[in-house]
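Quick notes on the structure that follows.
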């Protein structure tokens, strides 16, 4: 493959496609013109994977799937599409067959586990007043407050949805670990990164929101993956 793949970005829980804003700007600065950001409904893994598959199917040519947080579970499930050539996990879940994000979380509970609160409709929120300290403590407090107010809550049941297709077993993968993550325990990230047989593991002194606090480093990481695939 000589052309760089189209980059398709998949967000996680408690945020939407706009969580990738800063990374997109950095990728554009590196000359990438084929970038898409999926807006997944966060209603079930099946729904979210299907939305991602449909976006991938619209792309003519190779695709590099990039998932943040729960978006890692989505790209694991949806990444079996024939034009997906690689997977990049950004402080993300990378489950194996039969595993769920909730099950992996139980291995080592994250520091902010107690800051989640369900509502009467079945959605699970990060308490807005605690969003900054839980999700993005390395961003300015005002930015964290805005992210908390505008967060996109998942249906809590999505945490328990299990993986049936494991794309990372058949696709080249990269993993970024956030060493100061309070939403997915760093120990869980290191464990998942290790079993991926990742082409590169990048550890950043970052919160869960590494894509917002260190966008230059994340964009460079994605660029390295895309370049490696293009020259393979």
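Quick one: 161, 47, fewest Cβ neighbours within 10 Å first, how do they rank? Each step should come with its number before you reach the end.
Values: 161 21, 47 16.
Sorted ascending by nearby Cβ count, the order is 47, 161.
From the P(r) of region 96-190, can you give the percent of Cα pairs sitting at distances over 17 Å? Please report the intermediate quantities before stating the final value.
Numbers: 2673 of 4465 pairs.
In whole percent, the share of Cα-Cα pairs in region 96-190 beyond 17 Å is 60.
For region 111-156, what size does the Cα cloud have along each of its three principal axes, sorted from largest down, in whole Å?
Reported extents, whole Å, longest axis first: 31, 22, 13.
As a footprinting exposure proxy, order 70, 89 by other Cβ within 10 Å, with the fewest listed first. Walk me through the intermediate numbers first.
Details: 70 26, 89 29.
Least crowded to most crowded, the residues run 70, 89.
Pick the calculated log10 I(q)/I(0) by the Debye sum over Cα atoms at q = 0.12, 0.14, 0.17 Å⁻¹ for this structure from (1) -0.74, -0.98, -1.32; (2) -0.57, -0.79, -1.22; (3) -0.63, -0.87, -1.30?
Answer by label: (2).
If you average the sequence gap of Cα pairs under 8 Å that are 6 or more apart and divide by the length of the chain, what percent do you get for the contact order?
Details: 503 pairs, mean separation 61.1, N = 232.
Averaging sequence separation for qualifying contacts and normalising by length gives 26 percent for the chain.
Given the DSSP H assignment, sum -39500 (n - 2.57) over each helix run of at least 4 residues in the chain and divide by its residue total; what's the result at 222 nm in deg cm²/dmol, nearest 500? Walk me through the intermediate numbers first.
On the way: 9 runs with 80 residues, N = 232.
So the calculated ellipticity at 222 nm is -9500 deg cm²/dmol.
Taking a label point 7 Å from the Cα of residue 113 along the Cα→Cβ vector, which residues of region 181-211 have an amide N closer than 15 Å to it?
Flagged as within label range: 182-189.
If I stretch the segment between residue 191 and residue 36 completely, what's the gain in nm (0.36 nm per residue apart, minus their alpha carbon distance), one decimal?
Details: separation 155, 0.36 × 155 = 55.80 nm, distance 2.90 nm.
Full extension from residue 191 to residue 36 adds 52.9 nm.
Could you line up 175, 131, 123 from fewest to most neighbouring Cβ atoms inside 10 Å?
Ascending Cβ contact count within 10 Å gives the list 123, 131, 175.
Over region 59-105, what is the mean sequence separation of C-alpha contacts under 8 Å (at least six apart), divided by residue count, expressed as relative contact order in percent? All intermediate terms of the calculation are to be shown ahead of the outcome.
Working: 64 pairs, mean separation 19.3, N = 47.
It rounds to 41 percent for region 59-105.
In a Gaussian network model over the chain where Cα atoms closer than 10 Å are linked, find which of 18, 49, 94 has the largest mean-square fluctuation.
In this elastic network of the chain, the residue with the biggest mean-square fluctuation among 18, 49, 94 is 18.
None of the figures in this text is laboratory data; all of them are computed from the coordinates on show. Here the structure is a predicted model, which is why all the values come from computation and not from measurement. Don't worry about glycine lacking a Cβ; one is built from the backbone with ideal geometry, like all the others, and counts go over all protein chains shown.
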